[in-house]
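Each remark here refers to the structure printed beneath this line.
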Amino acid sequence: MAAPRCAHVEGAEALDAVFPRDVGLFADAFPAEARYHFCGHGLRIAQHHGARLGVAAPVWEAALALCQYFEEQQLDFQGKQVIELGAGTGIVGILATLLGGDVTLTDLPLALEQLRENVARNVPAEHMVRARIRALSWGLDHEQFPSGYDVILGADIIYLRDTYPLLLRTLQHLSGPSSTIYLASKMRQEHGTAEFFETLLPRHFACELVQRDEQENISIYRVTRR
């Protein structure tokens, strides 16, 4: 099934899903809002396109595919400790929060303001205690976070080869014997995305392809510790 498209977008048209992007292309900042509906929840997601946020600004198709997967599989995050890596707009972590998870949404410091805005837009006040926002630089400060999260989430975070060893170290630290990792990704040949999933990740984890969208070239993997 193709990843769902946004029901409404205000502002500029959706950006082409090709990374990495030259931040020079974002010289003129502009805001946009997209609306989605997953798992019985309506979501209003702000996106602050521009040089400052670059690839962190848009809602990427892999994030929508992962949200759709949650809906199709009727995943229950109730009472689970969840962390999202490279959250960007936060749509995946926000949905996990609305589905009962105790969620930490992480990204680089420059993306946190957008994350806070979207959490405030979409998470009711009574559940706000279950949505925390923190900066996390893979491979550098991951040890400031606990190990053994129940669920680790990532959507379109595998696109820069230099970050792959850093991401692997971070996943090893954050996960435990009972952790489940869901990674959704556009399979970009030029960035070695398939190599990450087929060669690098299996050295440390058991990887299962649970969904494949040929039209969008998006794969979702369920990953566990060996």
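The values are calculated or read from the model by the stated rules, or taken from the named source; none is laboratory data. Keep in mind that what you see is a predicted model, and the values were worked out from it rather than measured. Here Cβ is always computed from backbone atoms with ideal geometry, including for glycine, and neighbour counts include all displayed protein chains. With ligands, DNA and RNA removed, areas are computed over all heavy atoms of the protein, side chains included. Shrake-Rupley method; radii C 1.70, N 1.55, O 1.52, S 1.80 Å.
List every residue pair whose Cβ atoms sit under 7 Å apart, with the two residues 6 or more apart in sequence or on different chains, where the first one lies in region 201-226 and is in contact (Cβ under 8 Å) with a residue 60 or more places away in the chain and the second, anywhere, is outside any strand (DSSP E or B) and among the aromatic types (Phe, Trp, Tyr).
211/69; 220/69
Within region 162-184, identify whether any single residue is over 17 Å from the mean Cα position of the chain (by Cα), open to solvent by 10 Å² or more (accessible area, probe 1.4 Å) and within 20 Å of residue 58 (Cβ to Cβ), and answer yes or no.
Within region 162-184, not a single residue is over 17 Å from the mean Cα position of the chain (by Cα), open to solvent by 10 Å² or more (accessible area, probe 1.4 Å) and within 20 Å of residue 58 (Cβ to Cβ).
For region 93-110, enumerate the residues that are under 19 Å from residue 170 (Cα atoms), part of a helix (DSSP H, G or I) and under 15 Å from the mean Cα position of the chain (by Cα). Give the derivation first.
Quick first cut of region 93-110, residues under 19 Å from residue 170 (Cα atoms) only: 93, 103-109.
If we keep only those that are part of a helix (DSSP H, G or I) too, we end up with 93, 109.
Of everything in region 93-110, just one residue is under 19 Å from residue 170 (Cα atoms), part of a helix (DSSP H, G or I) and under 15 Å from the mean Cα position of the chain (by Cα), namely 93.
Conditions (1) modelled with pLDDT under 95; (2) surrounded by fewer than 24 Cβ atoms within 10 Å (Cβ to Cβ); (3) under 20 Å from residue 36 (Cβ atoms); (4) of a type outside the set (A, V, I, L, M), marked per residue:
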position	(1), (2), (3), (4)
88	yes, no, yes, yes
93	no, no, yes, yes
124	no, yes, yes, yes
137	no, yes, no, yes
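Can you confirm whether region 151-158 contains a residue that is under 14 Å from the mean Cα position of the chain (by Cα) and free of Cβ contacts under 8 Å to residues at least 60 places away in the same chain?
Yes, because at least one residue in region 151-158 is under 14 Å from the mean Cα position of the chain (by Cα) and free of Cβ contacts under 8 Å to residues at least 60 places away in the same chain.
So, of the residues in region 62-86 that are part of a loop (DSSP other than H, G, I, E, B) and small (Gly, Ala, Ser), which turns out to be surrounded by the fewest Cβ atoms within 10 Å (Cβ to Cβ)?
Residues of region 62-86 part of a loop (DSSP other than H, G, I, E, B): 74-80, 86.
If we keep only those that are small (Gly, Ala, Ser) as well, we get 79, 86.
Numbers: 79: 9, 86: 24.
Looking at residues that are part of a loop (DSSP other than H, G, I, E, B) and small (Gly, Ala, Ser), I get 79.
Report yes if residue 141 is among the acidic types (Asp, Glu), open to solvent by less than 70 Å² (accessible area, probe 1.4 Å) and touching a Ser or Thr at 6+ places or on another chain (Cβ under 9 Å), otherwise no.
Numbers: among the acidic types (Asp, Glu): yes; open to solvent by less than 70 Å² (accessible area, probe 1.4 Å): yes; touching a Ser or Thr at 6+ places or on another chain (Cβ under 9 Å): no.
Judged against the criteria, residue 141 is not a match.
Which one is nearest to residue 77 (Cα to Cα) among residues in region 24-40 that are at pLDDT below 90 and touching a strand residue (DSSP E or B) at 6+ places or on another chain (Cβ under 8 Å)?
Initially, region 24-40 is screened for residues at pLDDT below 90, giving 24-34.
When the remaining residues are screened for being touching a strand residue (DSSP E or B) at 6+ places or on another chain (Cβ under 8 Å), the result is 26, 29-34.
Working: 26: 36, 29: 35, 30: 34, 31: 31, 32: 29, 33: 26, 34: 24 Å.
It comes out as 34.
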